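Q: After the structure tokens below, expect a handful of questions from me.
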Amino acid sequence: MKKKIYVTRRIPEIGIEMLKAKKDFDVKVSPYDRVLSSREIIKNAKGCDALLCLLTDQIDGKVLDGIGKQLKIVANYAVGFNNINLEDAKKREIMVTNTPGKLISKSVAEHTFTLMMGLAKRMVEADKFMRFGKYKGWGPLLLLGSDVHDKTLGIVGLGNIGIEVARRAVKGFGMKVIYTDIKRDKNFEKEYKAKYATLPELLKNSDFVTLHVPLLKSTQHLISTKQFKMMKKSAFLINTSRGPIVDERALVSALKSGEIAGAGLDVYECEPKLGCTVFDKSYFKNAQNLIITPHIASASTETRSEMAEIAAKNIIVALSGKTPPNLVK
Ligand code: DGY
């Protein structure tokens, strides 16, 4: 009998082709280019051996039971896996995998830098200034920004992405790096002349703070009112990890009161909603010291294709009875 695979949304073709190339696989892809409800996932994936899902799909015990006891693997098309209830999967002996490839860390590091540079050089403001015909001639004080070289970058979370950000910061921009993580990495410290710090020390001393931790109970609102107060008034916060790591209400109040200089966000607390906990929602539309992008840090053709290959490979290996390469433990 053929093994059934359900893919909850169209992903780059290469991954689908890898699955379809397996003669004993029956692959179905959702025909809609939108997020499916849990009910739709259950209905469409019922009886499947493998589910290839996205970070926008909420996968819990109810969904897993709805799909059925034959389900062996949930292959998430993302590095983050906070959309999957790991305990529920473990209880049912269902494997969960993610897609930490070689390219994604570099793509996310590039996006992190894009936000950093955009804030420092006031790129969005400058672009609007030109488009709205405000440029009347060169001026010595026109749109003064900040430099990035020789500044201190605080990296919160030293996984693959954090390391790629550090590499660009030190080798490309001559920045100083301090970092915090649950464990120290002495080799990293040596290679990048980086200093280990506690979170409060990092916040006090950084000109740019960039977040690269997974979303866990312990990292929810890791950056809130107390933490903003510790930061320099001239500092910028960058978040390309997961929205709920930053308390958006506290962020807006820190930006409004000038407690920090600006923020670059690619992720949001109630994605895709903007500022769901914030009283003054128009702030996101009008603030000059904020650059916001729609969760596209990994959105390059190369990276998204690699993610599709990795997710497909995880399924192929798991359904052959072996341990998939990117098992989330
Ligand atoms: C991830 O892989 O977790 C990213 O957020 C997807 O863009």
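The values are calculated or read from the model by the stated rules, or taken from the named source; none is laboratory data. Only a predicted model underlies this, so the values are computations on that prediction, with no experimental measurement involved. No Cβ is skipped: glycine too gets one built from the backbone with ideal geometry, and neighbour counts run over all protein chains shown.
Q: Any residue in the stretch 102-111 that is modelled with pLDDT under 95, farther than 23 Å from Lys43 by Cα and surrounded by fewer than 21 Cβ atoms within 10 Å (Cβ to Cβ)?
A: If we filter the stretch 102-111 for residues that are modelled with pLDDT under 95, which is where we start, we get 102.
Cutting the leftovers down to farther than 23 Å from Lys43 by Cα gives us 102.
Filter once more, so that each one left must be surrounded by fewer than 21 Cβ atoms within 10 Å (Cβ to Cβ): 102.
The answer is yes; a qualifying residue exists.
Q: Name, by its number, the condition in (1) out of contact with any helix residue (DSSP H, G or I) (no Cβ under 8 Å at 6 or more places or on another chain); (2) without any contact (Cβ under 8 Å) to a residue 40 or more places away in the chain; (3) crowded, with 18+ Cβ neighbours inside 10 Å that does not hold for Ala250.
A: Ala250 satisfies all of (1) out of contact with any helix residue (DSSP H, G or I) (no Cβ under 8 Å at 6 or more places or on another chain); (2) without any contact (Cβ under 8 Å) to a residue 40 or more places away in the chain; (3) crowded, with 18+ Cβ neighbours inside 10 Å except (1).
Q: Scan the stretch 5-15 for residues that are surrounded by fewer than 19 Cβ atoms within 10 Å (Cβ to Cβ) and not in a loop (DSSP other than H, G, I, E, B) and jot them down.
A: Hits for the stretch 5-15 are Glu13, Ile14.
Q: Checking Asn76 against (1) near the ligand (Cβ under 9 Å from one of its atoms); (2) not in a strand (DSSP E or B), only one condition comes out false. Which one?
A: Tallying (1) near the ligand (Cβ under 9 Å from one of its atoms); (2) not in a strand (DSSP E or B), Asn76 fails exactly one: (2).
Q: Any idea which of (1) among the aliphatic types (A, V, I, L, M); (2) assigned to a helix (DSSP H, G or I); (3) surrounded by fewer than 18 Cβ atoms within 10 Å (Cβ to Cβ); (4) within 16 Å of the ligand (Cβ to nearest atom) is the one Val35 doesn't satisfy?
A: (2)
Q: Looking at Leu215, Leu199, which one is away from the ligand (no atom under 16 Å from the Cβ), within 23 Å of Val108 (Cα to Cα) and at pLDDT 95 or above?
A: Result: Leu199 is the single residue among Leu215, Leu199 that is away from the ligand (no atom under 16 Å from the Cβ), within 23 Å of Val108 (Cα to Cα) and at pLDDT 95 or above.
Q: For the stretch 231-240, does any single residue satisfy the condition of being polar (S, T, N, Q), buried (at least 21 other Cβ atoms within 10 Å of the Cβ) and in contact with a helix residue (DSSP H, G or I) (Cβ under 7 Å, 6 or more places away or on another chain)?
A: Within the stretch 231-240, one or more residues are polar (S, T, N, Q), buried (at least 21 other Cβ atoms within 10 Å of the Cβ) and in contact with a helix residue (DSSP H, G or I) (Cβ under 7 Å, 6 or more places away or on another chain).
Q: Take the stretch 85-120 and flag every residue that is within 16 Å of the ligand (Cβ to nearest atom) and small (Gly, Ala, Ser).
A: Gly101, Ser105, Ser107, Ala109
Table: residues versus (1) in contact with a Ser or Thr (Cβ under 7 Å, 6 or more places away or on another chain); (2) in a loop (DSSP other than H, G, I, E, B).
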residue: Gly139; (1), (2): no, yes
residue: Ile155; (1), (2): yes, no
residue: Leu158; (1), (2): no, yes
residue: Ile163; (1), (2): no, no
residue: Val209; (1), (2): no, no
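Q: Let me ask something else. Give the stretch 44-80 a look and list any residue that's of a type in the set (Asp, Glu) and more than 19 Å from the chain's Cα centre (by Cα), or say none.
A: Step one: of the stretch 44-80, the residues of a type in the set (Asp, Glu) are 49, 57, 60, 65.
Within the stretch 44-80, Asp49, Asp60, Asp65 meet the criteria.
Q: Quick check on Ser218: is it under 23 Å from Val79 (Cβ atoms) and touching a residue at least 40 places away in the same chain (Cβ under 8 Å)?
A: When the stated conditions are applied, Ser218 does not pass them.
Q: Please specify each residue of the stretch 58-72 satisfying the condition of being within 30 Å of Ala109 (Cα to Cα) and either within 13 Å of the ligand (Cβ to nearest atom) or buried (at least 23 other Cβ atoms within 10 Å of the Cβ) (or both).
A: Passing the criteria: only Ile59.
Q: Can you tell me how many residues in the stretch 81-104 are touching a Ser or Thr at 6+ places or on another chain (Cβ under 9 Å) and assigned to a helix (DSSP H, G or I)?
A: 2
Q: Still on this structure, please answer the following. With the structure loaded, tell me whether Val148 is crowded, with 16+ Cβ neighbours inside 10 Å and closer than 30 Å to Gln288 by Cβ or whether it fails that test.
A: Working: crowded, with 16+ Cβ neighbours inside 10 Å: yes; closer than 30 Å to Gln288 by Cβ: yes.
Criteria met by Val148.
Q: Among the residues of the stretch 84-101, which ones are surrounded by fewer than 17 Cβ atoms within 10 Å (Cβ to Cβ), in contact (Cβ under 8 Å) with a residue 12 or more places away in the chain and either touching a Gly at 6+ places or on another chain (Cβ under 7 Å) or not hydrophobic (A, V, I, L, M, F, W, C) (or both)?
A: Lys91, Arg92
Q: Within the stretch 221-230, track down each residue that is outside any helix (DSSP H, G or I) and either within 14 Å of the chain's Cα centre (by Cα) or surrounded by 18 or more Cβ atoms within 10 Å (Cβ to Cβ) (or both). I'd like the intermediate steps shown before the answer.
A: As a first pass, look at the stretch 221-230 and keep what is outside any helix (DSSP H, G or I): 221-224.
Scanning the stretch 221-230 gives Leu222, Ile223.
Q: Out of (1) crowded, with 18+ Cβ neighbours inside 10 Å; (2) touching a Ser or Thr at 6+ places or on another chain (Cβ under 7 Å), what's the single condition that is false for Ser300?
A: (1)
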